[in-house]
Amino acid sequence: MNIISKTVLILLFLPSLVFSGISSKQLNQLSRLKGSYKVTKGSHKNCSDGYLNIVGKEDDKGIRIGHSIFLGPFKDSLEKPTNKNCRVSTKFKMSEKSITVKTVVDKCAIKRNLEEGKTTQHLIIKNNKLEYKVDETGYSCFYSKVEKVKE
Amino acid sequence: MRILILALTLFSSNVYSQDINDLFNQVQEAVSNAGNSPEAGCPHCVDGETRLKKLPLPIGGRNFNAKCTSFIKSDGTYGKWGKLIVKYLNKTDERKERFFSPALPGMQTTPRSCPNWGNMTNDQKGQFWVWTFASIAQVESSCNKRSVNTGAVPNRNDRPRGLFQLNTLRSARAWRGPNCRFPSGAENVYIAANSIHCSLDIMSEILKGRSGEYRGNGKIFPTNSYWEKLRPNHSSTGGDIGRLIRKFPGCML
């Protein structure tokens, strides 16, 4: 295999390496975020105080804040379409200060359920403060870590 | 109890004072959360026997939608959804202990969700749970298994759907319990069995109290619940869901 072919192969696989999932170090970093959070500002009534926790088994693992917000899974995933459901693909990306989960729902067998579309969720981490936002709906919540909240 | 613990402390160099304080706090919390001890007898039995009394849902007005008869039929026997619930509850000893515990917080203690709880048999408690899930479904969806929240939601790909308004996307609900890991998609949420079993997993987690994922008080309401209307900031008595639950005749003294 010549150098050009190898380079092309590396470039093809590089995005999947970047988006392949969470490392132990990153998981430890997220674990330090666990605790109670109070909403300081929000664009939607679903912004509510809540507990942040890492939840789920291996392939389903993600981060939840309160009852309404879940970012995950912590790895790229694909649910293939069937005669009952759509194709659901997610891409996960994490940096030191943020998590991004992109979800695409397409190839729906039943169109009337209005399931198709794209959602891009972000969790931005700044010291003991968090911002959660969704690009497509403009939904955003700002949180500050506290001792304890009533969820 | 405390004398025993003290004795163990003197003879064990591995018990630290912090552990003992934690143990005392746990014992105190368990005692304060316990309900009354059960009394003998079967006050709601028919003709002095132990057969289960048939208790139909009140339909119409501010009560239940006719679709809720899939939980409990008009003759008071279980509908197909009610049978699913009872089968789930009785499947393992762990579930029976959790859902039929004689000392479930909030049943006979505040907010007295079921004052007669301590007198009920497991079968009667099963009736209570079917009635409870019918109450939640009535408020969440009017017992319409194809209900969907078409309003403003954070994630348009993940609208709350079905009897209990669960996530459309598997990834968003898989963590709630093993029965919540069914595939994504509206049509899968609309399968009543999927929604019912997942909701039972959610309720099981609620009943675990502080040790559960929701870190609540172990009561049905008011508590840190998946269902918004059962949370303390919504109502201390469970709102409309609580109102419907308290109509269960088996809970009345």
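The values are calculated or read from the model by the stated rules, or taken from the named source; none is laboratory data. Only a predicted model underlies this, so the values are computations on that prediction, with no experimental measurement involved. Reconstructed Cβ throughout: ideal geometry from the backbone, glycine too, with neighbour counts over all protein chains shown. The area values use the complete protein model at the heavy-atom level, side chains included, leaving out ligands, DNA and RNA. Shrake-Rupley method; radii C 1.70, N 1.55, O 1.52, S 1.80 Å.
Taking R0 as 25 Å, what FRET efficiency do you get between residue B:193 and residue A:34 from their Cβ-Cβ distance, rounded to the nearest 0.05?
On the way: r = 34 Å, r/R0 = 1.35.
With a Förster radius of 25 Å, E is 0.15.
Computed FRET efficiency, Cβ-Cβ of residue B:94 and residue B:247, R0 25 Å: what is it to the nearest 0.05?
0.30
Could you tell me the extents of region B:34-251's C-alpha atoms along the three principal axes, largest first, rounded to whole Å?
So the extents along the principal axes, rounded to whole Å, are 54, 37, 32.
For the pairing of chain B with chain A, what total accessible surface becomes buried, with a 1.4 angstrom probe, in square angstrom to the nearest 100?
2900
Calculate the FRET efficiency for residue B:53 and residue A:127 from the Cβ-Cβ distance with a Förster distance of 60 Å, rounded to the nearest 0.05.
After rounding, the FRET efficiency stands at 0.50.
On full extension of the chain, what length is gained from residue B:87 through residue B:75, given 0.36 nm per residue of separation minus the C-alpha to C-alpha distance?
On the way: separation 12, 0.36 × 12 = 4.32 nm, distance 1.98 nm.
Extra length available between residue B:87 and residue B:75 comes to 2.3 nm.
What spacing in nm lies between the two simple spin-label points modelled at residue A:95 and residue B:122, each 7 Å away from Cα in the Cβ direction?
The modelled label-to-label distance comes out at 5.6 nm.
Kindly tabulate the residues in region B:162-204 with an accessible-area decrease of at least 40 Å² between the chain alone and the assembly of all protein chains, using a probe of 1.4 Å.
Residues meeting the cut-off: B:169, B:171, B:175, B:181, B:184, B:187.
Using alpha carbon centroids, what distance separates region A:28-91 and region B:70-140, in Å?
30
Collect residues whose amide H, placed 1.01 Å from N in the peptide plane, falls under 5 Å from the amide H of residue B:168; neighbours closer than 5 in sequence don't count.
Residues meeting the amide H criterion: B:159, B:161.
If you take the C-alpha gyration tensor of chain A, multiply each eigenvalue by 5 and take the square root, what semi-axes do you get, largest first, in whole Å? Spell out each step's value before the answer.
Details: eigenvalues 179, 98, 35 Å².
After diagonalising the Cα gyration tensor, the semi-axes are 30, 22, 13 Å.
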